[in-house]
1. So in the range 151-169, with the set limited to residues that are touching a residue at least 40 places away in the same chain (Cβ under 8 Å) and buried (at least 22 other Cβ atoms within 10 Å of the Cβ), which one is nearest to the chain's Cα centre (by Cα)?
2. Looking only at helices (runs of 4 or more DSSP H) that lie completely in the range 1-86, which have at least 3 residues being closer than 22 Å to ALA147 by Cα?
3. Is one or more of the residues making up the range 110-126 assigned to a helix (DSSP H, G or I), under 27 Å from ASP52 (Cβ atoms), under 16 Å from the mean Cα position of the chain (by Cα) and not assigned by TED's automatic domain parsing to the domain that holds ALA48?
4. Taking the range 128-150, which residues are in a helix (DSSP H, G or I), under 15 Å from the mean Cα position of the chain (by Cα) and of a type in the set (D, E, K, R)?
5. Among the listed residues ASP160, ASP212, ASP185, ASP179, which satisfies the condition of being within 26 Å of MET121 (Cβ to Cβ), among the acidic types (Asp, Glu) and touching a strand residue (DSSP E or B) at 6+ places or on another chain (Cβ under 7 Å)?
6. Tell me which of these ILE88 doesn't satisfy, since it passes every other one: (1) within 26 Å of LYS191 (Cα to Cα); (2) touching a residue at least 60 places away in the same chain (Cβ under 8 Å).
7. Taking into account only those residues within the range 170-207 that are among the polar types (S, T, N, Q) and surrounded by fewer than 19 Cβ atoms within 10 Å (Cβ to Cβ), which is farthest from GLN21 (Cα to Cα)?
8. Which of the numbered conditions does GLY146 fail, given that it passes all the others? Conditions: (1) of a type in the set (Gly, Ala, Ser); (2) in contact (Cβ under 8 Å) with a residue 40 or more places away in the chain; (3) surrounded by 22 or more Cβ atoms within 10 Å (Cβ to Cβ).
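The values are calculated or read from the model by the stated rules, or taken from the named source; none is laboratory data. As the structure is a prediction and not an experimental result, all values here were calculated from the model. For neighbour counting, all protein chains shown are included, and Cβ atoms are generated from backbone atoms with ideal geometry for every residue, glycine included.
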Amino acid sequence: MSNFRPKYVTFDCHGTLINFQMADAAKDHFGHLLNDLQMAEFIQNFQAYRLDEVLRDWKPYAEVVHNALERTCKRNNVPFKPEQAEEIYYRIPTWGPHPDVPEGLAKLAKDIPLVILTNSMVAQIPSNVAKLGAPFHVVLTAEEAGAYKPHLQAFEYMFDILGCGPEDITHVSSSFRHDLMSAYDIGIKSKVWVNRGHEPANPFYQYTEIPDLTHIPGVFGL
C-alpha cells in the first residue's frame, strides 16, 4: 500500500484514536453489584446494545447510551437509573488519546490531510479532537450525517463533503463492525485496521494491519 497516496486519510475516532473507556465507566457504576464474570458479561452486553442502538434511525448519542444501558441493566437484572447513563455520556469529552496516537498523527499530517468520521455529537467531539495533537482537515459527525456508522449513509456524507470517492481515501479504524465492513461494502479499497484487541482479525475485508498509530506513516512509505 506504500505506493498509494490517498487524497485523505480518514479515521474513526472513539476506540481508534481516543481511548474509549465505556467499560471502566460501567464498572464504576455497577462493579459493586456484580462479580468479575458477571461484570464481563455486562460490559459485553453494553457494547452489543450500543451497536444495536446505532443501527436504528439516528438519535442523539445521549439516547444511544441511555437506551443501551437500560437494556443492559434489564438483561443483567440490576437496577437502572437515568442519571447513570447521563453521567457516562458526559464523561466522553474528557477522554484522551491512546498513547501512540499523537506521534503517528502528527507525522502523517505533514504529508496527507487527515479527516475524522465519528459516531459523535457536534458539541462533544471538539474536546476529544483537541487532545489528539494533530491538525485535521475536517471533523465529520454522525449528527451531521444523520446516520451512525456502520450505516453507509455516514460514509456517503463524508464523500459528499470531501468531494471525492471511495477510491481517493484510506480509512483507518480499530473496528470491523463499525467501520471496516462498511468501508469494504462501499468500495474503499485502501483500509487500515489498528489492532487494539477489540475484535479478531478478519482478512476477508482486505486491509493493512498495524498494531498502533506510530505505524500509520509507514503504511504510505513515510
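1. Here the residue is MET158.
2. Helices (runs of 4 or more DSSP H) meeting the threshold: 36-54, 61-76.
3. Yes, that holds for at least one residue.
4. Correct list: GLU143 only.
5. After ruling out the rest, the residue left standing is ASP179.
6. Only one criterion in (1) within 26 Å of LYS191 (Cα to Cα); (2) touching a residue at least 60 places away in the same chain (Cβ under 8 Å) is unmet by ILE88, namely (1).
7. In this case the residue turns out to be GLN206.
8. Tallying (1) of a type in the set (Gly, Ala, Ser); (2) in contact (Cβ under 8 Å) with a residue 40 or more places away in the chain; (3) surrounded by 22 or more Cβ atoms within 10 Å (Cβ to Cβ), GLY146 fails exactly one: (3).
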